[in-house]
1. Does Asp7 count as surrounded by fewer than 24 Cβ atoms within 10 Å (Cβ to Cβ), farther than 22 Å from Val136 by Cβ, in contact with a strand residue (DSSP E or B) (Cβ under 8 Å, 6 or more places away or on another chain) and not small (Gly, Ala, Ser)?
2. Determine whether segment 138-151 contains at least one residue that is on the phi > 0 side of the Ramachandran plot, charged (D, E, K, R), outside any helix (DSSP H, G or I) and modelled with pLDDT of 85 or more.
3. Being assigned to a loop (DSSP other than H, G, I, E, B) and touching a residue at least 12 places away in the same chain (Cβ under 8 Å) is the filter here, so list the residues in segment 163-202 that pass it.
4. Name the single residue that is surrounded by the most Cβ atoms within 10 Å (Cβ to Cβ) among those in segment 143-152 being in contact with a strand residue (DSSP E or B) (Cβ under 9 Å, 6 or more places away or on another chain) and under 19 Å from Thr193 (Cβ atoms).
5. Residue check: is Val123 open to solvent by less than 70 Å² (accessible area, probe 1.4 Å), touching a His at 6+ places or on another chain (Cβ under 7 Å), at pLDDT below 85 and within 19 Å of Val3 (Cβ to Cβ)?
Amino acid sequence: MRVLVADDERLLADTIAEGLRRSSMAVDVCYDGDAALERVAVNRYDVAVLDRDMPGHTGDEVCRNLAGADAGTRVLMLTAAAGIRDRVEGLGLGADDYLTKPFAFAELVARVQALGRRSAPAVPPVLEQHGVALDVARHAATRDGRPMSLSPKEFAVLHVLMRANGRVVSAEDLLEQAWDEFADPFTNAVRVTVMTLRKKLGQPAVIHTVPRAGYRIGAPE
(Lines give C-alpha, C1' and ligand atoms only; values in the text may rest on other atoms or scores of the structure.)
Protein backbone atom coordinates (compact mmCIF):
# COMPACT_ATOMS: atom_id res chain seq x y z
CA MET A 1 0.00 0.00 0.00
CA ARG A 2 1.33 3.45 -0.92
CA VAL A 3 0.29 6.36 1.27
CA LEU A 4 0.72 10.14 1.09
CA VAL A 5 0.88 12.03 4.41
CA ALA A 6 0.44 15.80 4.14
CA ASP A 7 0.48 17.91 7.31
CA ASP A 8 2.22 21.21 8.11
CA GLU A 9 3.02 19.95 11.62
CA ARG A 10 6.30 18.39 10.56
CA LEU A 11 6.90 16.32 13.68
CA LEU A 12 3.38 14.88 13.51
CA ALA A 13 3.67 14.15 9.77
CA ASP A 14 7.02 12.41 10.21
CA THR A 15 5.74 10.43 13.21
CA ILE A 16 2.68 9.27 11.27
CA ALA A 17 4.85 8.28 8.32
CA GLU A 18 7.28 6.30 10.46
CA GLY A 19 4.46 4.43 12.17
CA LEU A 20 2.81 3.54 8.86
CA ARG A 21 6.14 2.33 7.50
CA ARG A 22 6.40 -0.03 10.47
CA SER A 23 3.12 -1.48 9.20
CA SER A 24 4.81 -2.16 5.82
CA MET A 25 3.34 0.78 3.94
CA ALA A 26 5.31 2.89 1.46
CA VAL A 27 4.87 6.46 2.65
CA ASP A 28 5.66 9.82 1.04
CA VAL A 29 5.55 12.94 3.24
CA CYS A 30 5.02 16.62 2.50
CA TYR A 31 4.23 19.63 4.65
CA ASP A 32 1.95 21.85 2.58
CA GLY A 33 -0.88 21.62 0.09
CA ASP A 34 1.18 22.76 -2.89
CA ALA A 35 3.63 19.89 -2.45
CA ALA A 36 0.73 17.47 -1.92
CA LEU A 37 -0.78 18.47 -5.27
CA GLU A 38 2.60 17.93 -6.93
CA ARG A 39 2.85 14.44 -5.44
CA VAL A 40 -0.64 13.31 -6.46
CA ALA A 41 -0.04 14.61 -9.98
CA VAL A 42 2.87 12.20 -10.56
CA ASN A 43 2.23 9.29 -8.16
CA ARG A 44 -0.68 6.95 -7.62
CA TYR A 45 -1.59 6.56 -3.93
CA ASP A 46 -3.92 4.06 -2.31
CA VAL A 47 -4.59 6.42 0.60
CA ALA A 48 -3.90 10.11 1.28
CA VAL A 49 -3.83 11.36 4.90
CA LEU A 50 -4.50 15.10 4.66
CA ASP A 51 -4.51 17.84 7.26
CA ARG A 52 -7.34 20.22 6.40
CA ASP A 53 -5.54 23.40 7.44
CA MET A 54 -2.27 23.48 5.50
CA PRO A 55 -0.53 26.55 4.05
CA GLY A 56 -0.79 27.10 0.32
CA HIS A 57 -3.50 24.87 -1.05
CA THR A 58 -5.53 23.49 1.85
CA GLY A 59 -6.25 19.85 2.52
CA ASP A 60 -9.79 20.55 1.33
CA GLU A 61 -8.47 21.62 -2.07
CA VAL A 62 -6.20 18.58 -2.34
CA CYS A 63 -9.12 16.33 -1.43
CA ARG A 64 -11.34 18.01 -4.02
CA ASN A 65 -8.61 17.54 -6.63
CA LEU A 66 -8.30 13.82 -5.87
CA ALA A 67 -12.05 13.34 -5.97
CA GLY A 68 -12.33 15.17 -9.29
CA ALA A 69 -9.48 13.21 -10.85
CA ASP A 70 -11.16 9.90 -9.96
CA ALA A 71 -7.71 8.53 -9.12
CA GLY A 72 -9.01 5.80 -6.83
CA THR A 73 -7.16 7.35 -3.88
CA ARG A 74 -9.02 7.09 -0.57
CA VAL A 75 -8.75 10.18 1.62
CA LEU A 76 -8.50 10.36 5.41
CA MET A 77 -8.89 13.93 6.64
CA LEU A 78 -7.12 15.03 9.84
CA THR A 79 -8.29 18.12 11.68
CA ALA A 80 -8.60 19.72 15.09
CA ALA A 81 -12.17 20.75 14.22
CA ALA A 82 -14.36 18.12 15.87
CA GLY A 83 -17.85 19.52 15.28
CA ILE A 84 -20.47 17.61 13.33
CA ARG A 85 -20.70 20.42 10.77
CA ASP A 86 -16.93 20.23 10.20
CA ARG A 87 -17.06 16.45 9.70
CA VAL A 88 -20.01 16.69 7.33
CA GLU A 89 -18.26 19.41 5.35
CA GLY A 90 -15.08 17.34 5.06
CA LEU A 91 -16.93 14.26 3.90
CA GLY A 92 -18.86 16.39 1.45
CA LEU A 93 -15.59 17.36 -0.24
CA GLY A 94 -15.03 13.75 -1.20
CA ALA A 95 -13.14 12.46 1.83
CA ASP A 96 -13.69 8.81 2.71
CA ASP A 97 -12.98 9.12 6.43
CA TYR A 98 -12.41 11.79 9.05
CA LEU A 99 -10.25 11.71 12.19
CA THR A 100 -9.97 14.52 14.72
CA LYS A 101 -6.80 15.56 16.55
CA PRO A 102 -5.62 14.38 18.97
CA PHE A 103 -6.10 10.75 17.95
CA ALA A 104 -4.91 7.30 18.98
CA PHE A 105 -2.24 6.19 16.55
CA ALA A 106 -3.53 2.61 16.49
CA GLU A 107 -6.88 3.94 15.28
CA LEU A 108 -5.22 5.95 12.50
CA VAL A 109 -3.34 2.86 11.28
CA ALA A 110 -6.52 0.79 11.36
CA ARG A 111 -8.43 3.44 9.39
CA VAL A 112 -5.68 3.71 6.77
CA GLN A 113 -5.61 -0.07 6.41
CA ALA A 114 -9.39 -0.17 6.03
CA LEU A 115 -9.30 2.55 3.37
CA GLY A 116 -6.54 0.69 1.56
CA ARG A 117 -8.74 -2.39 1.36
CA ARG A 118 -11.41 -0.24 -0.28
CA SER A 119 -9.10 1.16 -2.96
CA ALA A 120 -9.59 -0.34 -6.41
CA PRO A 121 -9.51 -3.26 -6.75
CA ALA A 122 -10.98 -4.08 -3.35
CA VAL A 123 -9.21 -6.82 -1.40
CA PRO A 124 -10.23 -8.81 1.71
CA PRO A 125 -8.52 -8.15 5.07
CA VAL A 126 -6.87 -11.60 5.01
CA LEU A 127 -5.31 -12.80 1.76
CA GLU A 128 -4.86 -16.55 1.26
CA GLN A 129 -3.15 -18.22 -1.68
CA HIS A 130 -1.29 -21.52 -2.06
CA GLY A 131 -0.86 -22.08 1.66
CA VAL A 132 0.22 -18.50 2.37
CA ALA A 133 -2.03 -16.35 4.56
CA LEU A 134 -1.46 -12.63 5.01
CA ASP A 135 -3.40 -10.79 7.72
CA VAL A 136 -2.78 -7.13 6.91
CA ALA A 137 -4.54 -5.68 9.97
CA ARG A 138 -2.54 -7.83 12.38
CA HIS A 139 0.62 -7.63 10.26
CA ALA A 140 0.95 -11.41 10.42
CA ALA A 141 1.92 -13.98 7.81
CA THR A 142 1.83 -17.77 7.84
CA ARG A 143 2.82 -20.55 5.44
CA ASP A 144 0.81 -23.75 5.90
CA GLY A 145 -0.07 -22.54 9.39
CA ARG A 146 3.56 -21.80 10.30
CA PRO A 147 4.11 -18.20 11.49
CA MET A 148 6.74 -16.26 9.56
CA SER A 149 8.81 -13.33 10.77
CA LEU A 150 8.93 -10.87 7.87
CA SER A 151 10.61 -7.49 7.67
CA PRO A 152 8.33 -4.56 6.75
CA LYS A 153 9.62 -4.58 3.16
CA GLU A 154 9.22 -8.37 2.81
CA PHE A 155 5.66 -8.06 4.11
CA ALA A 156 4.94 -5.19 1.70
CA VAL A 157 6.30 -7.09 -1.33
CA LEU A 158 4.31 -10.19 -0.40
CA HIS A 159 1.21 -8.01 0.02
CA VAL A 160 1.61 -6.51 -3.48
CA LEU A 161 2.13 -9.93 -5.07
CA MET A 162 -0.85 -11.47 -3.29
CA ARG A 163 -3.09 -8.54 -4.20
CA ALA A 164 -2.16 -9.19 -7.84
CA ASN A 165 -3.75 -12.64 -7.44
CA GLY A 166 -1.43 -14.51 -9.80
CA ARG A 167 -0.84 -11.68 -12.26
CA VAL A 168 2.77 -10.77 -13.05
CA VAL A 169 4.08 -7.74 -11.15
CA SER A 170 7.14 -6.03 -12.61
CA ALA A 171 10.11 -5.06 -10.49
CA GLU A 172 9.30 -1.42 -11.32
CA ASP A 173 5.75 -1.80 -9.97
CA LEU A 174 7.03 -3.49 -6.82
CA LEU A 175 9.47 -0.65 -6.31
CA GLU A 176 6.71 1.92 -6.78
CA GLN A 177 4.21 0.24 -4.47
CA ALA A 178 6.45 -1.07 -1.68
CA TRP A 179 9.09 1.67 -1.50
CA ASP A 180 8.74 5.44 -1.17
CA GLU A 181 9.59 8.21 -3.62
CA PHE A 182 13.26 8.22 -2.63
CA ALA A 183 13.87 4.65 -3.83
CA ASP A 184 16.68 4.39 -6.38
CA PRO A 185 15.19 3.04 -9.64
CA PHE A 186 18.49 1.27 -10.34
CA THR A 187 18.67 -0.47 -6.98
CA ASN A 188 18.66 -4.25 -6.60
CA ALA A 189 16.47 -3.94 -3.49
CA VAL A 190 13.52 -5.69 -5.14
CA ARG A 191 15.60 -8.69 -6.22
CA VAL A 192 17.24 -9.01 -2.79
CA THR A 193 13.93 -8.68 -0.93
CA VAL A 194 12.24 -11.29 -3.15
CA MET A 195 15.20 -13.62 -2.58
CA THR A 196 15.00 -13.38 1.22
CA LEU A 197 11.22 -13.65 1.10
CA ARG A 198 11.45 -16.88 -0.90
CA LYS A 199 13.80 -18.35 1.70
CA LYS A 200 11.39 -17.53 4.50
CA LEU A 201 8.40 -18.92 2.60
CA GLY A 202 10.26 -22.20 2.11
CA GLN A 203 9.44 -25.05 -0.24
CA PRO A 204 7.63 -25.68 -2.46
CA ALA A 205 8.22 -22.25 -3.98
CA VAL A 206 5.20 -19.97 -4.51
CA ILE A 207 6.95 -16.84 -5.82
CA HIS A 208 8.04 -17.36 -9.41
CA THR A 209 10.20 -15.22 -11.65
CA VAL A 210 8.80 -14.53 -15.09
CA PRO A 211 11.83 -13.74 -17.32
CA ARG A 212 11.93 -10.12 -18.54
CA ALA A 213 8.53 -9.48 -16.93
CA GLY A 214 8.63 -9.70 -13.13
CA TYR A 215 7.28 -11.90 -10.37
CA ARG A 216 4.05 -13.67 -9.57
CA ILE A 217 2.44 -15.76 -6.86
CA GLY A 218 1.39 -19.13 -8.17
CA ALA A 219 0.97 -22.82 -7.52
CA PRO A 220 4.19 -24.76 -6.91
CA GLU A 221 5.87 -25.75 -10.17
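1. Values: surrounded by fewer than 24 Cβ atoms within 10 Å (Cβ to Cβ): no; farther than 22 Å from Val136 by Cβ: yes; in contact with a strand residue (DSSP E or B) (Cβ under 8 Å, 6 or more places away or on another chain): yes; not small (Gly, Ala, Ser): yes.
Spelling it out, it is not the case that Asp7 is surrounded by fewer than 24 Cβ atoms within 10 Å (Cβ to Cβ), farther than 22 Å from Val136 by Cβ, in contact with a strand residue (DSSP E or B) (Cβ under 8 Å, 6 or more places away or on another chain) and not small (Gly, Ala, Ser).
2. Looking for residues that are on the phi > 0 side of the Ramachandran plot, charged (D, E, K, R), outside any helix (DSSP H, G or I) and modelled with pLDDT of 85 or more, one finds at least one in segment 138-151, hence yes.
3. Within segment 163-202, Ala164, Asn165, Gly166, Arg167, Val168, Ser170, Trp179, Asp180, Glu181, Pro185, Thr187, Gly202 meet the criteria.
4. Looking only at segment 143-152, we keep the residues that are in contact with a strand residue (DSSP E or B) (Cβ under 9 Å, 6 or more places away or on another chain), and these are 143-145, 147-150.
Narrowing the set further to residues that are under 19 Å from Thr193 (Cβ atoms) leaves 143, 148-150.
Values: Arg143: 16, Met148: 18, Ser149: 9, Leu150: 22.
Top of the filtered list is Leu150.
5. On the way: open to solvent by less than 70 Å² (accessible area, probe 1.4 Å): yes; touching a His at 6+ places or on another chain (Cβ under 7 Å): no; at pLDDT below 85: yes; within 19 Å of Val3 (Cβ to Cβ): yes.
No, not satisfied.
This table checks each residue for (1) open to solvent by less than 10 Å² (accessible area, probe 1.4 Å); (2) in contact (Cβ under 8 Å) with a residue 24 or more places away in the chain; (3) under 25 Å from Val160 (Cβ atoms).
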{"position": "Arg39", "(1), (2), (3)": "no, yes, yes"}
{"position": "Val42", "(1), (2), (3)": "no, no, yes"}
{"position": "Leu50", "(1), (2), (3)": "yes, yes, yes"}
{"position": "Met77", "(1), (2), (3)": "yes, yes, no"}
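The values are calculated or read from the model by the stated rules, or taken from the named source; none is laboratory data. Here the structure is a predicted model, which means the values were calculated and not measured. Note that each Cβ is placed from the backbone with ideal geometry, even for glycine, and that neighbours are counted across all protein chains shown. Heads up: the accessible areas ignore ligands, DNA and RNA and are worked out on the full protein's heavy atoms, side chains in. Shrake-Rupley method; radii C 1.70, N 1.55, O 1.52, S 1.80 Å.
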